[in-house]
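Since the structure comes first, as structure tokens, the remarks are kept for the end.
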Amino acid sequence: MGYYIGMSVRTITLDTFEATVNEPGMVFLDCWAEWCPPCRAFKPVFEQAAEENSDIIFGSINTEEERELAGRLGISSIPTIMAFRDGIGVFAQPGAMGASDFGRLIQAVRDLNMDDVRAQIAADLAEDDE
């Protein structure tokens, strides 16, 4: 049975994950399972945010149906919320959020200076090469 019925939240699978997170702009993912009460509690928060932020891609990963993808992403606790900006993972944390906390997270990702993020990634990679 479908977890999300709204058109503003995409179902993400192993086959669609890479293309989705590599789209320009912001992508928020909710990793969930049908049997998970905190996942069900977070669902309306996620759906409402998707309705209010049409410039952002919102996606849903059913960890029961997408076990291989969940494994590749290292999902060990659900719900896990992930954020990507311009193909770069900028947030991943287990635990449901209330609407105000999720709204603050969305704004924080919006406010990121991606030049600074890329510079930090480059510096970290250079440090690893030493």
Are any of the residues in the range 48-64 hydrophobic (A, V, I, L, M, F, W, C), open to solvent by less than 70 Å² (accessible area, probe 1.4 Å) and more than 18 Å from residue 87 (Cα to Cα)?
-> yes
Among the candidates 104, 72, residue that is over 21 Å from residue 18 (Cα atoms) and either open to solvent by less than 30 Å² (accessible area, probe 1.4 Å) or outside any strand (DSSP E or B) (or both) = 104
For residue 23, all conditions in the list (1) of a type outside the set (S, T, N, Q); (2) outside any loop (DSSP other than H, G, I, E, B); (3) closer than 17 Å to residue 8 by Cβ hold save one; what is the number of the exception?
-> (2)
Say whether the condition of being more than 11 Å from the chain's Cα centre (by Cα) and at positive phi is met by at least one residue in the range 26-46.
-> no
Looking at residue 58, is it within 13 Å of the chain's Cα centre (by Cα), under 19 Å from residue 9 (Cβ atoms), of a type in the set (Phe, Trp, Tyr) and not in a helix (DSSP H, G or I)?
-> yes
Filter the range 75-101 for residues that are buried (at least 16 other Cβ atoms within 10 Å of the Cβ) and of a type in the set (Gly, Ala, Ser); which is farthest from residue 50 (Cα to Cα)?
-> 96
Is there a residue in the range 51-67 that is touching a Leu at 6+ places or on another chain (Cβ under 7 Å) and not β-branched (Val, Ile, Thr)?
-> yes
Checked pairs for the range 118-130, first of a type outside the set (D, E, K, R) and in a helix (DSSP H, G or I), second at pLDDT 90 or above and surrounded by 10 or more Cβ atoms within 10 Å (Cβ to Cβ), C-beta under 8 Å and 6 or more apart or across chains, list as 121/88
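The values are calculated or read from the model by the stated rules, or taken from the named source; none is laboratory data. Everything numeric here is computed off the predicted structure, so don't read it as measured data. We place every Cβ from the backbone using ideal geometry, glycine too, and count neighbours over all the protein chains shown. In case anyone asks, the SASA skips ligands and DNA or RNA and just uses the protein heavy atoms, side chains included. Shrake-Rupley method; radii C 1.70, N 1.55, O 1.52, S 1.80 Å.
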